[in-house]
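> The structure's right below; bear with me while I get my questions together.
The values are calculated or read from the model by the stated rules, or taken from the named source; none is laboratory data. For clarity, every value in this text was computed on a predicted model and none was experimentally measured. Note: ideal-geometry Cβ built from the backbone for every residue, glycine included; neighbour counts use all protein chains shown. Remember, those area values only see protein heavy atoms, side chains included, never the ligands or the DNA or RNA. Shrake-Rupley method; radii C 1.70, N 1.55, O 1.52, S 1.80 Å.
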Amino acid sequence: MSSPDRPARRTLGLPLGQRSTSSPVRPAHRTRFILSTSVAVACLGTLLVAPTAGAAGPATGTVTTSVSSAMRTTAPYSFSPADLRIRTKLSARSASSVFGRGFSGSVRDAETGRLIWRSRGDTGRMPASTTKLVTAVDALAVYGPDHRFTTTVRQGSTPDSVVLVGSGDPSLSSANLSSLALDTAAQLSAAGVTSIKLWADDYRFARATRAVGWKASNVPTDVRLVRALVVDGRNVSDTTLDAANIFAKKLVAAGLEVHSVGRARVPRGTAVLASVQGRRLDQIVQRMLLVSDNDYAEALNRLVGIASGFGSTWTGARQAQVAALAKQGYTLPYGQLFDGSGISRSDRLTANQLTDLVAMVLEPERTDLAVMTSGGALPVAGRTGTLAAKYRRYTTSP
């Protein structure tokens, strides 16, 4: 899948691995696992580190753990020799002074959900980019993997004005705008209109502000302010006007004269002149997870809020996170997450919650979440995505 021109901004996240497709299957247990360390183990696990001193948000402490259907098994379980090796090695290695007292982790058998090992598994930590797992699950469950967001061009309040209406699609591209421009120009030319005013409508999302826990230095270095119009993931201060100016050039190339560009709400009931659909949602999610794209995550977080009926504000998005997971049998207490990317230093999740979430993703009946485990979406520690060896996360201190 092609990437925007700019490299994805990413948080300093946690190693998340990919389900093995070649490991042998031990009796009574399908070997399905997510790796969160460089140790190859037939399980799923997460490791978290404590926030640095002075971080904003609630104090580190015990947080209610969720329970998915994968955790409700009553089937007998006996620890295999591999399980026992994992427990011994992780117990020894996690005691290293390198981790300090802020280390926490959780490892479960992916088939039964049985706990193999944990260390402070119910202690809330800053989840960083593992927050995107919540965002991915919510978006795929609410919209479905086949969904495409539609960007439109609508007639303005006068015959010589048009409005580019943002849908919040984070995958909107220059090629999409070229298609819109050609169709718009054809419609207007047929009506005898050759000179227009262009407006951009980004009002699907609430006013662009920082989330709770975002530092001023995070914007735009790590994440943009969230707007419903952005083209090619361009990192500019006002992505809406940037999109409008790019579209204006496309319209000129299509034979129209554009004598002004601005921001305005589209009038109700006006005709649609052109429309274009972006990438499939599963492709958007794949990119978001593999390269830890914060901007994709925040767009999806807002879109889930809208589709869930909670609106497009930060508060609405937070409410939707809880509600969307609750419908899937997963408990996420309100107030644990403040964004969709993990940039917020107020975010808190536990290692047990994250392994529980991944267990739900691995359930065979969750075909809507299949891209997360079968589509190369989760980066392999030391190999792919933002966990690739070239980022030197495994060869430098700490």
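> Towards the positive end of the charge dipole of segment 88-185, with charges on Cβ (+1 Lys, Arg; -1 Asp, Glu), say which of Ser157, Val134, Leu182 has the farthest Cα.
Val134
> Here is a further query. Just to confirm, what accessible area per residue do you get for segment 94-177 at 1.4 Å probe, in whole Å²?
Accessible surface, normalised per residue, equals 32 Å².
> Any chance you could check the Cα centroid distance between segment 149-200 and segment 333-373 for me, in angstrom?
Going from one Cα centre to the other spans 37 Å.
> How much length would be gained if the chain were fully extended between Val252 and Glu363, taking 0.36 nm per residue of separation minus their Cα-Cα distance, in nm to one decimal?
Computed gain between Val252 and Glu363 is 34.9 nm.
> Follow-up question, since we're still on this one. For Ala274, what residues show an amide H to amide H distance below 5 Å, using hydrogens built from the backbone and excluding near sequence neighbours?
Val153
> How are the C-alpha pair distances of segment 76-234 spread across 10 Å bins, as whole percents from the shortest bin up?
8, 22, 23, 17, 14, 8, 6, 2
> Would segment 78-142 count as rounded, prolate or oblate if I go by the C-alpha gyration tensor, calling it rounded below 1.5 in a/c and otherwise prolate when a/b exceeds b/c, oblate otherwise?
oblate
> Ignoring any ligand, DNA or RNA, what whole percent of the accessible area of segment 129-279 comes from carbon and sulfur when the probe is 1.4 angstrom?
49 percent
> Could you work out the relative contact order of segment 256-338? I mean the mean sequence separation of Cα pairs under 8 Å and 6+ apart, divided by the number of residues, in percent.
14 percent
> Enumerate the lysines that Lys197 could reach by cross-link, defined here as Cα to Cα under 17 Å, with residues fewer than 8 away along the same chain left out.
Lys249, Lys250
> What is the dipole size for segment 247-299, taken about its Cα centre, with +1 at each Lys and Arg Cβ and -1 at each Asp and Glu Cβ, in debye to the nearest 20?
Using Cβ point charges on Lys, Arg, Asp and Glu, segment 247-299 gives about 220 debye.
> If you don't mind, another one. With a Förster radius of 35 Å, plug the Cβ-Cβ distance of Asp146 and Ala95 into 1/(1 + (r/R0)^6) and report the FRET value to the nearest 0.05.
After rounding to 0.05, the efficiency reads 0.15.
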